[in-house]
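Written out below as structure tokens is the structure these notes cover.
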Amino acid sequence: MTKLIFTLFLIIFTILNILNLNNTHVQVSQNNIRQINWKDEVLVNTQSSFNLATQEQQQAKFISSQQVKTKLTDNPLAPTQVTFPLSTPLEIGTARSEEVYLLEIQVAYQGEPIGNYSVYLNLPSLKAIADIDTYYIGSANFFDVPSPNQGIKKFNFDITPELIKQVQKRVKPSKIPNLTLTFIRDQGHSSTELVIDRVALSKL
């Protein structure tokens, strides 16, 4: 009698364990489904953000472009200057502009380029480099390039704040007929020839 009761107990215990394992498997499967759906949703959202960014870039209106072919010099006391005439003068107000002006500079190189150049917009003299907020638009460095041997590296600058400040300080008229770019080598000497190939201006 005792053996019969013990045998029945083992059978019932085994059946309960089997049922519990099945329930656990179902819950794990459901959790996996939720995780997969969540990941799919994130991918869709990321793709949507990328499309919006691409659409914004496509809305940029081309203003002017010029082939330059000017070599960048290493001497900081005799910096490289490029004048970029505009077919239509820029009308810049003294208040915050709703338009954004984007400047693209393409620099061609032969061999592996090194170094860093500070880039200024409409710099009147070397003494004015201390007025960073008004003239300095950024740097052109060659720490990472598309190809180590030869190629073209593009630099993009938002020059809107500098244009507004220059008009506010009356160092530039409200209608700007051309842009002057000044490239000053920060340090060292480059054995690689760097050439400003093209300059282009667009607006959003």
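Using the Cβ-Cβ distance between Val171 and Thr192 with R0 = 25 Å, the FRET efficiency computed as 1/(1 + (r/R0)^6) comes to roughly 0.15. A 1.4 Å probe, protein heavy atoms only, puts the accessible area of Ile196 near 0 Å².
For Lys71, the solvent-accessible surface computed with a 1.4 Å probe is close to 110 Å², ligands and nucleic acids excluded. Dimensions of region 121-174 along the principal axes, based on C-alpha atoms and rounded to the nearest Å, stand at 44, 22, 14, largest first. Projected label points at Thr88 and Asn156, each 7 Å from Cα along the beta carbon direction, are separated by 2.2 nanometres. Sorted largest first, the spans of the alpha carbon positions of region 57-204 along the three principal axes are 44, 38, 22 Å.
The values are calculated or read from the model by the stated rules, or taken from the named source; none is laboratory data. On a predicted model such as this, the values are computed, not experimentally measured, just so you know. Quick reminder, even Gly has a Cβ in these numbers, built from the backbone with ideal geometry, and neighbours come from all protein chains shown. What goes into the accessible areas is simple: the full protein's heavy atoms, side chains included, and nothing from ligands, DNA or RNA. Shrake-Rupley method; radii C 1.70, N 1.55, O 1.52, S 1.80 Å.
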